[in-house]
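Trainee: What follows is a single structure, and I will ask about it in a moment.
Please treat every number below as a calculation from the coordinates, not as lab data. Quick caveat, the model's predicted, so the values are computed rather than measured. FYI the Cβ positions are ideal-geometry reconstructions off the backbone, even for glycines, and counts take in every protein chain you see.
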Amino acid sequence: MKQPPSTIAVASGKGGVGKTWFAISLAHALAQTGARVLLFDADLGLANVDIQLGLMPARDLGGILAGKCDLLSACERHSGGFSILAGRSGSGDLATLGPSGWASVLRVLADAGRHFDRIVIDLGAGIDPFVRQVSAAVDQLLVVVTEEPTSLTDAYAVLKLHHQERAVSHQIAGIVINQARSRLAGERIYATLSRACTQFLRETPPLAGVIRRDDKVRDAIRRQCLLAIRHPNTQAVDDVAAIAEVIVRGLPSTA
Ligand SMILES: Nc1ncnc2c1ncn2[C@@H]1O[C@H](COP(=O)(O)OP(=O)(O)OP(=O)(O)O)[C@@H](O)[C@H]1O
Ligand SMILES: [Mg+2]
């Protein structure tokens, strides 16, 4: 049997498509399986996992990099059954880290792998070198896409760069369609993207799943709650749970 991925990064290219909300919800869904899960906020520019969850972490990634605390003391336990390493820093601007700082973040990630079964990493928008390094280093990259044409083209850019780094990463990215009008509409968006990948990259990224547009998501974020706690019976919860199952089983074409 395939080993489930222990490090899972969430990227998109385009901003605002739902990466952070999905990373949080995926961490929660994976924690329901009994795994020790860490949600790692690696959006170095605009870290906001803590904001979406209404937390005020005393320690964070910046503190670890500054040598003020170690990984485990910086991780905060959430009542949803997973731990969080916040990225917001009172001790330095993570957005200005250069290559040596990025290497330090990757070392923190490797260290986290010794303490947790699954690490879900929320990345920032864009395709900067740090996003690409993390994407290449993890066991599974997930690319979040919506129906907007700019989201599709930006996701393709992420997939193309990731494809070029496949010699390093050995894994094909999975696609998460978010904010779809229906499952069928989501599958059509996936078909458009996967056709382009098959034609131009000679590689077809597998579909991890479709998450339907759900007003309850907005409500949960506004109230800084986990969706599955505030609205356990809403469709987006089922959709994320299905993706968590697919990921634990292993995406079809993951090497
Ligand atoms: N399935 C969904 N249904 C309805 N709204 C959604 C869904 N997923 C995300 N959203 C909306 O998208 C908004 C942006 O989400 P989020 O902040 O997680 O995006 P992001 O990709 O992390 O953004 P950034 O690139 O700025 O980090 C949320 O505030 C929420 O209102
Ligand atoms: Mg975000």
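Trainee: Which residue, Leu61, Leu201, Leu39, has the most motion in a Gaussian network model of the chain that connects Cα atoms within less than 10 Å?
Mentor: Among Leu61, Leu201, Leu39, the largest GNM mean-square fluctuation belongs to Leu201.
Trainee: For segment 10-249, what is the number of Lys pairs with C-alpha distance below 26 angstrom, counting only pairs 8 or more positions apart or on separate chains?
Mentor: 4
Trainee: If you don't mind, another one. What order do you get for 95-107, 240-252 when each peptide is scored by the mean count of other beta carbon atoms within 10 Å, highest first?
Mentor: Descending packing order for the listed peptides: 240-252, 95-107.
Trainee: Next question, about the same structure. Compute a Gaussian network model of the chain, connecting alpha carbons closer than 10 Å, and tell me which residue from Val145, Val108, Val176 fluctuates the most.
Mentor: Answer for the Gaussian network model of the chain: Val108.
Trainee: Modelling each spin label as a point 7 Å along the Cα-to-Cβ direction, I'd like the Asp117/Gln164 distance in nm, to one decimal.
Mentor: Each label point is offset 7 Å from its Cα along the Cβ direction, giving 3.8 nm.
Trainee: What is segment 98-155 by shape, rounded, prolate or oblate, if you read a ≥ b ≥ c off the alpha carbon gyration tensor as root eigenvalues and call it rounded for a/c under 1.5, prolate for a/b larger than b/c, and oblate otherwise?
Mentor: Oblate is the answer for segment 98-155, as a/c is 1.5 or above yet b/c matches or exceeds a/b.
Trainee: Using θ = phi - 60° and the Karplus form 6.51 cos²θ - 1.76 cosθ + 1.60, what ³J(HN,Hα) does each residue of segment 180-197 get, whole Hz, x for Gly and Pro?
Mentor: Listing the rounded values in order: 7, 5, 7, 4, 5, 4, x, 5, 5, 4, 4, 4, 4, 5, 5, 4, 4, 5 Hz.
Trainee: So if I take the centroid of the Cα atoms in segment 215-255 and the same for segment 65-139, what is the distance between those two points in Å?
Mentor: 22 Å
Trainee: Give, rounded to the nearest 20 debye, the magnitude of the charge dipole that segment 10-249 has about its Cα centre when Lys and Arg contribute +1 at Cβ and Asp and Glu contribute -1 at Cβ. Don't skip to the answer; put the middle values down first.
Mentor: Details: 26 positive and 24 negative charges, 59 e Å.
Here segment 10-249 has a charge dipole of around 280 debye.
Trainee: Here's another thing I want to ask about it. Enumerate the calculated ³J(HN,Hα) couplings along segment 239-252 in order (Karplus 6.51 cos²θ - 1.76 cosθ + 1.60, θ = phi - 60°), each rounded to whole Hz, writing x wherever the residue is Gly or Pro.
Mentor: 5, 5, 4, 5, 5, 4, 5, 4, 5, 5, 5, x, 5, x
Trainee: Looking at the chain, send over the antiparallel percent of its DSSP beta bridges, to the nearest 5.
Mentor: Values: 2 of 27 bridges.
Restricted to the chain, the bridges split so that about 5 percent are antiparallel.
Trainee: Kindly work out what percent of the DSSP beta bridges joining two residues of segment 32-136 are antiparallel, to the nearest 5. All intermediate terms of the calculation are to be shown ahead of the outcome.
Mentor: Numbers: 2 of 11 bridges.
In segment 32-136, approximately 20 percent of DSSP beta bridges are antiparallel ones.
Trainee: Under 20 Å from a label point 7 Å along Cα→Cβ of Asp93: give me every residue in segment 14-52 with its amide N that close.
Mentor: Counting only backbone N, you get 42-49.
Trainee: What does a probe at Cys69 reach in segment 88-130, counting residues whose amide N is under 14 Å from the point 7 Å along Cα→Cβ?
Mentor: 88-92
Trainee: So which residue, out of Ala137, Ala196, Ala155, gets the largest mean-square fluctuation from a GNM of the chain using Cα contacts under 10 Å as springs?
Mentor: In this elastic network of the chain, the residue with the biggest mean-square fluctuation among Ala137, Ala196, Ala155 is Ala196.
Trainee: Compute the length gained on full extension between Ala157 and Arg230: take 0.36 nm times their separation in residues and subtract their Cα-Cα distance, giving the result in nm to one decimal.
Mentor: Result for the pair: 22.8 nm of gain on full extension.
Trainee: For the chain, what does the alpha-carbon gyration tensor say about shape, rounded, prolate or oblate, given a ≥ b ≥ c as the root eigenvalues, a/c under 1.5 as rounded, and a/b over b/c as prolate? Could you put the intermediate results ahead of the total?
Mentor: On the way: a/c = 1.56, a/b = 1.21, b/c = 1.29.
Oblate, since a/c reaches 1.5 and b/c is not below a/b.
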